[in-house]
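The structure appears below as structure tokens.
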Amino acid sequence: MAEVKTVGVIGGGQMGSGIAQLAIVAGIDVWLLDSDSNALTNATKSIGNSIQRFVSKGQLSQEKAKDALRRLRCTSSLEDLQSADVIIEAIVESEDIKKSLYTDLDRIAKGSAILASNTSSISITRLASATSRSSQVIGMHFFNPPPIMKLLEIVRGGDTSDATFMTVKALAERFGKTVICSQDYPGFIVNRILMPMINEAFFTLYTGVATKEDIDTGMKLGTNHPMGPLELADFIGLDVCLSVMRVLHVGLGDSKYRPCPLLVQYVDAGRLGRKRGIGVYTYG
Ligand code: CAA
Ligand code: NAD
């Protein structure tokens, strides 16, 4: 099994920043890349704040926190990822944009490097087809917020090798995650089940069954979920939820997965959730 010393993370949004944090805390050097320099500034701040929360709870020493932060380097140049043993991609949930990145990555990454996608739903087999190393492409699906959530869903594409799987599984364990393994079908395991529930919460709101507050309180207190489904959609990002529903709808061909028109309208209006200050709810 290949030893992982350097990880590249592409996309410094809410997921990529959390994934970079997991790697530096695990003692791995990280290159964090984003095409937007503001995203890198925000990622550095949010990693610092999150690590500080672990320090103040006594779960990480001040020294280890400093060491971890020293391992983080930010860049906007793909060439800097040439030294990475594993590159974890966490950019926007669009198959076309991801595929174009995979073609570029295949060109610049070293021959032995594994390319892992944090996609919420897109076919790993199709992303791999944009490269000449499909046996080294795999899904590493983290959950939001990555430093807190205990799960990692590993998705094997049609060509993913056992060696790639074993390296990524060992890396997940260094991150302290429990691993589940999914075949490459739309939405994998968790989002196949979670997103239709969120979509149904939008239909419940859209058809006037109840207020957003009562829908969320109902699911929080009635089923012991930490967040109601509409609050969770805002937390995930409504754009991500809509993209996943579209992948389920097209990929599984069943009208039960059609995205709720209200979810579509919110995304069209730029109401993407917490990251934009407005989604189902408004944030101060
Ligand atoms: N960094 C460090 N610590 C953090 C943190 C972060 N980013 N976010 C939360 N925490 C810590 C807090 O310090 C706090 O710790 P203590 O209990 O020890 O004090 C704890 O987590 C709880 O945080 P808060 O008190 O701030 O808030 P909360 O109780 O509402 O918990 C939450 C926040 C952990 C996010 C919780 O609401 C939750 O579990 N929500 C559901 C999240 C979920 O379902 N995620 C999966 C989404 S689906 C997905 O990710 C897949 C996909 O493809 C879309
Ligand atoms: P986000 O919008 O917070 O961040 C995406 C980042 O990618 C942005 O900073 C953007 O500037 C950058 N980016 C976009 N295109 C790029 C490119 N070509 N090259 C470099 N950087 C680029 O999104 P997110 O919520 O972090 O989601 C990222 C990925 O993780 C998506 O595939 C999403 O489906 C998946 N995911 C999201 C969640 C969640 O709860 N939000 C959970 C699990 C998986």
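The values are calculated or read from the model by the stated rules, or taken from the named source; none is laboratory data. Predicted model only: the values in this text are computed from it and were never measured. Counting neighbours? That spans all protein chains shown, and the Cβs are built from the backbone with ideal geometry, glycine included. The protein model used for the area step is the full one, side chains on, heavy atoms only, and it has no ligands, DNA or RNA in it. Shrake-Rupley method; radii C 1.70, N 1.55, O 1.52, S 1.80 Å.
Quick rundown of the values:
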read-out	value
Of residues in region 6-31 being more than 16 Å from ligand 1 (Cβ to nearest atom) and assigned to a strand (DSSP E or B), the one farthest from residue 79 (Cα to Cα)	29
Residue in region 5-16 that is farthest from the chain's Cα centre (by Cα), counting only those that are more than 6 Å from ligand 2 (Cβ to nearest atom) and open to solvent by 10 Å² or more (accessible area, probe 1.4 Å)	5
Boolean, residue 53 is over 15 Å from residue 12 (Cβ atoms), out of contact with any Pro (no Cβ under 8 Å at 6 or more places or on another chain) and more than 16 Å from ligand 1 (Cβ to nearest atom)	no
Failed item, numbered, when residue 221 is tested on (1) open to solvent by less than 60 Å² (accessible area, probe 1.4 Å); (2) hydrophobic (A, V, I, L, M, F, W, C); (3) more than 11 Å from ligand 1 (Cβ to nearest atom)	(1)
Filter result for residue 275 (open to solvent by 40 Å² or more (accessible area, probe 1.4 Å), in contact (Cβ under 8 Å) with a residue 60 or more places away in the chain and either in the same structural domain as residue 145 (by the TED database) or within 14 Å of ligand 2 (Cβ to nearest atom) (or both))	yes
Residues (β-branched (Val, Ile, Thr) and over 11 Å from the mean Cα position of the chain (by Cα)) located in region 17-32	24, 25, 28, 30
Residue within region 171-184 that is within 11 Å of ligand 1 (Cβ to nearest atom), within 28 Å of residue 30 (Cβ to Cβ) and either among the small types (Gly, Ala, Ser) or assigned to a loop (DSSP other than H, G, I, E, B) (or both) present	no
Criterion (of a type outside the set (Val, Ile, Thr), touching a Gly at 6+ places or on another chain (Cβ under 9 Å) and either open to solvent by less than 50 Å² (accessible area, probe 1.4 Å) or within 13 Å of ligand 2 (Cβ to nearest atom) (or both)) met by exactly one of 205, 232, 238	238
Out of 121, 94, 100, sole residue that is open to solvent by less than 50 Å² (accessible area, probe 1.4 Å), within 12 Å of ligand 2 (Cβ to nearest atom), more than 11 Å from the chain's Cα centre (by Cα) and among the small types (Gly, Ala, Ser)	94
Subset of region 16-45 (residues that are over 16 Å from residue 66 (Cβ atoms) and among the acidic types (Asp, Glu))	34, 36
Residue that is nearest to ligand 1 (Cβ to nearest atom), among those in region 141-153 that are in contact (Cβ under 8 Å) with a residue 60 or more places away in the chain and over 15 Å from residue 226 (Cα atoms)	147
Failed criterion for residue 126 (all others in (1) within 16 Å of ligand 1 (Cβ to nearest atom); (2) open to solvent by 50 Å² or more (accessible area, probe 1.4 Å) hold)	(1)
Breaking point among (1) hydroxyl-bearing (Ser, Thr, Tyr); (2) closer than 30 Å to residue 164 by Cα; (3) open to solvent by 60 Å² or more (accessible area, probe 1.4 Å), for residue 37	(2)
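Residue-wise test of (1) touching a residue at least 60 places away in the same chain (Cβ under 8 Å); (2) more than 28 Å from residue 239 (Cβ to Cβ).
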| residue | (1), (2) |
| --- | --- |
| 33 | no, no |
| 39 | no, no |
| 43 | no, no |
| 47 | no, no |
| 57 | no, yes |
| 63 | no, yes |
| 75 | no, no |
| 93 | yes, no |
